[in-house]
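Let me begin by presenting the structure, written as C-alpha cells, before commenting on it.
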Amino acid sequence: MDGKVAKRRKITDKSVPNALAQLPEFAEDSHMYQSLLEMEKRLDWTMNRKKVEVQDALARNPTTARTLRLFLSHTVSGQIWQAGEAGAEGVNFETGQGIPAWSLKVEGRLLELPNQRARDRVSPRKFSTLIKRMIVELDRDPTLYPDGNVIEWPRGPTIQQPLDGFTVRRTGDQPTKVRLIVYLEQTPEQYKVASDLGNVLGIKEESRIGIIQAMWNYIKIHGLQDKTDRRRIRADDYLRPIFGGEGIMFHQLPELVNRYLMPPDPVIIYYTINPTQIPPERPSAWDIEVKMEDAGLKNRIMVTVQSSKDSTSDLTKLDDEIALLSQSLHNSHTKRQFLQSFARDPANFIQTWLASQSRDLESVLGSGPSEGATIRAEELRRSDFFRLPWVEEAVAVHEGLRLASRGMQ
C-alpha cells in the first residue's frame, strides 16, 4: 500500500439482528431500542432542517428596529450679558476673545434594549455611522452673516473616524433658527413607496425585499395568481393601473416594484438658539427609529451554532460507540448460533462445517472437485489457445519492436 495506512471503514449499522429481536427474552428490549432509533431519525431530520434555517438567517443578516436618541444643545460666549461692565472694551479682534459667539452641539446614541442580558450586549455604534449625510441650515441675516449658513457633513468614500457628535461654532448675538436635516443609514436600505402602490399595500416605507414580499402576500390573499399558468399574475381593480394592463408575469414583479420606489424622506428637526438668554441646562432630545443589523441576535446565533458543533461532535462519538456495540451484538449472535448448532448435533455439525471449509478452500486455491469447473481446470482448458501457430510469430514481432525501440533510445 506504499506506506499509506488504509482508511478504516466506519461502521454505521446500529440495528439489532432480526433473529435476536424475535426471541421472547429480548423482544421487549428490542422493540424499545427500535423505537429509539426511529425517534432519533426524526430528531436528526428536525435538527438538520433547523440548521439550514440558522445558516439561512446568518446569510441574510438579521435586522431589528432600534431607537436613536438625538440631542441638540448650545452654549454661548462673549455675549453682552456675560461681559458685564467690561462690555466692548474686553473684545480682542486678533485672538477672537470676547467676540459674541455660540456653539451648536449635535449628538446621538442608540438606546439600550430593555431586559438585555449583560453577556448579549455589544459595543454601541457611533452616531456618525448611523447617518449618511447631515445638513445644518442657519436662518440668519445674509447681510450680516453672508457665509457659513449651510453646513453639510457627507460620509466620504474613505474610512473616517467614527464620531459621537458634531459641533458648529459661529459668531453672533442674534436669535437664530436652526434646521437640521438628517439622512439615516439603515440596514437593509429603506425606500419610500409611491402613493399609487403604497395605498394598495398599506405601507409607506420599507426595504425592497419587504415591498416585494408585501406585493406577493397581496397577490396570494386575493387569489390573483392564474390557475392555468402559475407564472402569470392577474390584476384586480386596484392593481390594474399599476400593472398597466390585465396582468404581468411573475418575474416582472421586482422590475415593476422598482418603478414605485423613491429615496426615503430625511428627518427634519427645528431648533432655536437665543444668545440673549442663558442656555438650557439639559439638551433637547428626539427619538428616531432606525433599522439596523441585529448584532446581538447574530452573536447569539453564532454561539448556538458553535455549541451545536460541539454537541454534534459528542453525538458522533456516541453514534460510533452504539454502532460498535451493535456490531459486537451481531458477532455475539453469530457465535451463539454457532455454539447452539454444535450443542444440538455435534457430529452432524462437524461434518457440515468441514464440508463448508473444504468448499471455501477449493475456491481460494482453485483446485479439487466442486460444483462445475474449477479455476485450475478452466485455466488448463484455455491453455491450448496459447499454443496456436501464430502465437510464436506474434511474440517474436513484439520482442523485435521492443528491442528496436530500446536501440533508438
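The values are calculated or read from the model by the stated rules, or taken from the named source; none is laboratory data. As the structure is a prediction and not an experimental result, all values here were calculated from the model. Cβ atoms come from the backbone with ideal geometry, glycine included; neighbour counts cover every protein chain shown. For the accessible areas, the whole protein counts, side chains as well, though only heavy atoms, and no ligand, DNA or RNA atoms are used. Shrake-Rupley method; radii C 1.70, N 1.55, O 1.52, S 1.80 Å.
Measuring max minus min along each principal axis, the C-alpha atoms of the stretch 203-278 give extents of 75, 20, 20 Å (largest first).
Please list 3J(HN,Hα) in residue order for the stretch 126-132, calculated via the Karplus relation 6.51 cos²θ - 1.76 cosθ + 1.60 where θ = phi - 60°; whole Hz, with x for glycine and proline. Values, residue by residue: 6, 4, 5, 7, 9, 10, 8 Hz. Compactness of the stretch 148-201, taken as the C-alpha radius of gyration over 2.2 N^0.38 Å, stands at 1.76. Take the Kirkwood radius over Cα pairs of the stretch 212-363, plug it into Stokes-Einstein at 10 °C and 1.306 mPa s, and you get 61 µm²/s for translational diffusion. For the stretch 240-331, the per residue solvent-accessible surface stands at 65 Å², with DNA, RNA and ligands left out and a 1.4 Å probe. Take 267-277, 42-52 and order them by the average number of nearby Cβ atoms within 10 Å per residue, most first; the result is 267-277, 42-52.
Residue-wise HN-Hα couplings along the stretch 197-214, as the Karplus relation 6.51 cos²θ - 1.76 cosθ + 1.60 with θ = phi - 60° gives them from phi, are 8, x, 5, 6, 8, x, 10, 10, 8, 6, 6, 4, 5, x, 5, 5, 5, 5 Hz; Gly and Pro carry x.
Given 0.36 nm per residue, what is the gain on full extension from Arg69 to Tyr145 after removing their alpha carbon distance, in nm? Spell out each step's value before the answer.
On the way: separation 76, 0.36 × 76 = 27.36 nm, distance 3.12 nm.
Length gained between Arg69 and Tyr145: 24.2 nm.
The accessible area of Ser35, taken with all protein chains in place and a 1.4 Å probe, comes to roughly 50 Å².
Based on the mean of other beta carbon atoms within 10 Å per residue, what is the order of 315-324, 221-230, most packed first?
Numbers: 315-324: 12.8, 221-230: 10.8.
Final packing ranking: 315-324, 221-230.
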